[in-house]
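I have placed the structure first, in the form of structure tokens, so that the comments after it can refer back to it.
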Number of protein chains: 2
Amino acid sequence: MTTANLISEIKKKQSFLCVGLDVDLEKVPEFLLKEEDPIFSFNKAIIDATHQYAVAYKPNTAFYEAYGLKGWRSLEKTINYLNENYPEIFTIADAKRGDIGNTSSRYAKAFFEDLGFDSVTVAPYMGKDSVEPFLAFENKHTIMLALTSNEGAFDFQTKLVGEKELYKQVLKTSKKWRNSENLMYVVGATKAEFFADIRKIIPHSFLLVPGVGAQGGSLKEVCKYGLTENVGLLVNSSRGIIYASKDTDFAKAAAQEAKNMQLDMKAILDGVR
Amino acid sequence: MTTANLISEIKKKQSFLCVGLDVDLEKVPEFLLKEEDPIFSFNKAIIDATHQYAVAYKPNTAFYEAYGLKGWRSLEKTINYLNENYPEIFTIADAKRGDIGNTSSRYAKAFFEDLGFDSVTVAPYMGKDSVEPFLAFENKHTIMLALTSNEGAFDFQTKLVGEKELYKQVLKTSKKWRNSENLMYVVGATKAEFFADIRKIIPHSFLLVPGVGAQGGSLKEVCKYGLTENVGLLVNSSRGIIYASKDTDFAKAAAQEAKNMQLDMKAILDGVR
């Protein structure tokens, strides 16, 4: 998917909501466990109920790997279902991969070509040649960790490297990499006060923003400093939407939560017009 | 496996060789492609032929994920084969994972419990709560990226954070994490001159050392500065061993290469006695 397609979908839906498909069998409604593939059944119901309010879906691969081969099959079915039924939706494999050049190429091929995701998250620690193999794919997007939403973000990411924090060095350095126009960045909502500085370095790039809701980040604060003229944000919510109810009405409850977020987003977009 | 078991195996075999099982179907002998599971057939032959010279095997998960479900099945069969037939061998899932706390727990469970690896490689960028879930497993080992063997290592890892390079901050900070005695570190052989400084920070920890052979690192140089009284090194070779021949004699050729490395290692161990 091109960035222009993503922007047009955001404007059409008046939403920049990404739904995190982090499926834990201990948290899905019990009646689903009788199904042949409860994870896929759960995802399908959530997607069908929420797709008019969301522009992106983001399965975190850890939740699928945790169920071994069965989990990978569920992931494959989920991405195929999205691509077949909702090709206008932006898909994110939240995999946080990164390895030396020829090995990163393997990951890129697996997520972009074989599974058919529009984007994949990557870790920056190994530098340029660990990320460029992902950037080489046309109309695919590489979402690099910059400033994450967790406590541990303060261990290294915010440490000063010369005059700038490490995450700013990561942003700045990555702009020079080949095909860097295919880069987006992960910036946690729990660090909303950092968005103004971040926009000075990458004024136009899309940011994938976890941490709104369950982790305590504020949508309003994120938008205040993070919004660009093309929106430039994908705000993720996982638990707050997909586990809104543990009963047979789980999909309906998820739709209501997604709709609430979409309405909040619409109000913010209206406000800046 | 306990660290004591690993050390005893190293001393018994007079080897600290780790064989990297990075299987690429374009590089394995052609006659194997007729087999039902060529990747597993290849691994099994390599393991059977080289196990007396090696103390560890390290499949890089990217090479398996690249083949989708089939690849995961081959990985599962490989680790099961190792655990059933050579339980004295130390196994490493080279996965370079890392995510926020509850998500890292998923990865840890997948690799340690479900697949039954002795260790897994992780990335440090997200800090303490992304690594501690791995450290919580008893008699399992977490091998954190410190200074990698690729060019991109100079993008961030060697940048000065205050008075110390980032990779040194990573080493120093991680020592304070809960169960840090379960940590080992990745340090590339291509940066042998850094080992002396590294040993000042972590005098006893095991280091997993890629980059000898194909990538140009020298075993002698690595050992000069990296060896400890309990050896403290696992030196990895992948392509140099597993692709020593593309013919029917591939396993025999791999054994010869592994034996050559083991003899070099024995000579070095004899030399420091």
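Report yes if A:Ala146 is facing another protein chain (nearest Cβ under 10 Å), touching a residue at least 24 places away in the same chain (Cβ under 8 Å), of a type outside the set (S, T, N, Q) and surrounded by 19 or more Cβ atoms within 10 Å (Cβ to Cβ), otherwise no. Taking the combined requirement at face value, the residue satisfies it. Residues of region A:77-92 include none that is within 11 Å of another protein chain (Cβ to nearest Cβ) and part of a loop (DSSP other than H, G, I, E, B).
Put simply, of B:Val120, B:Val131 the only residue that is surrounded by 20 or more Cβ atoms within 10 Å (Cβ to Cβ), more than 11 Å from every other protein chain (Cβ to nearest Cβ) and under 25 Å from A:Glu151 (Cβ atoms) is B:Val120. Please specify each residue of region B:54-64 satisfying the condition of being assigned to a helix (DSSP H, G or I), more than 8 Å from chain A (Cβ to nearest Cβ) and either over 30 Å from B:Asp264 (Cβ atoms) or not aromatic (Phe, Trp, Tyr) (or both). The answer is B:Thr61, and nothing else.
Looking at A:Tyr81, A:Tyr57, just one residue is within 16 Å of the chain's Cα centre (by Cα) and of a type in the set (Phe, Trp, Tyr), and that residue is A:Tyr57.
Does region B:82-90 include one or more residues that are polar (S, T, N, Q) and buried (at least 23 other Cβ atoms within 10 Å of the Cβ)? Looking through region B:82-90, none of the residues is polar (S, T, N, Q) and buried (at least 23 other Cβ atoms within 10 Å of the Cβ).
How about region A:65-74: which of its residues are within 21 Å of B:Val122 (Cβ to Cβ) and either in a helix (DSSP H, G or I) or away from chain B (no Cβ under 12 Å) (or both)? Listed by number, the residues that qualify are A:Glu65, A:Gly68, A:Gly71, A:Trp72.
Is region B:211-227 home to any residue that is within 16 Å of the chain's Cα centre (by Cα), crowded, with 17+ Cβ neighbours inside 10 Å, within 27 Å of A:Ala95 (Cα to Cα) and away from chain A (no Cβ under 12 Å)? Within region B:211-227, not a single residue is within 16 Å of the chain's Cα centre (by Cα), crowded, with 17+ Cβ neighbours inside 10 Å, within 27 Å of A:Ala95 (Cα to Cα) and away from chain A (no Cβ under 12 Å).
Residue selection: B:Ala54 satisfies the criterion of being buried (at least 24 other Cβ atoms within 10 Å of the Cβ) and closer than 22 Å to B:Ser8 by Cα. Listed by first and then second residue, the pairs with beta-carbon distance under 7 Å, at least 6 apart or on different chains, first residue in region B:103-117 and facing chain A (nearest Cβ under 7 Å), second of a type in the set (S, T, N, Q), are B:Thr103/A:Asn60.
Here A:Glu138 clears all of (1) under 30 Å from A:Lys12 (Cβ atoms); (2) within 9 Å of chain B (Cβ to nearest Cβ); (3) of a type outside the set (Phe, Trp, Tyr); (4) surrounded by fewer than 22 Cβ atoms within 10 Å (Cβ to Cβ) except the condition numbered (2). Please determine whether any residue of region B:177-198 is closer than 30 Å to B:Met265 by Cα, without any contact (Cβ under 8 Å) to a residue 40 or more places away in the chain and buried (at least 24 other Cβ atoms within 10 Å of the Cβ). No - not one qualifying residue is present in region B:177-198.
Every read-out reported here was derived from the displayed coordinates using simple, explicitly stated rules and does not represent laboratory data. What you are looking at is a predicted structure, and each value in this text was computed from that prediction instead of being measured. Note: ideal-geometry Cβ built from the backbone for every residue, glycine included; neighbour counts use all protein chains shown.
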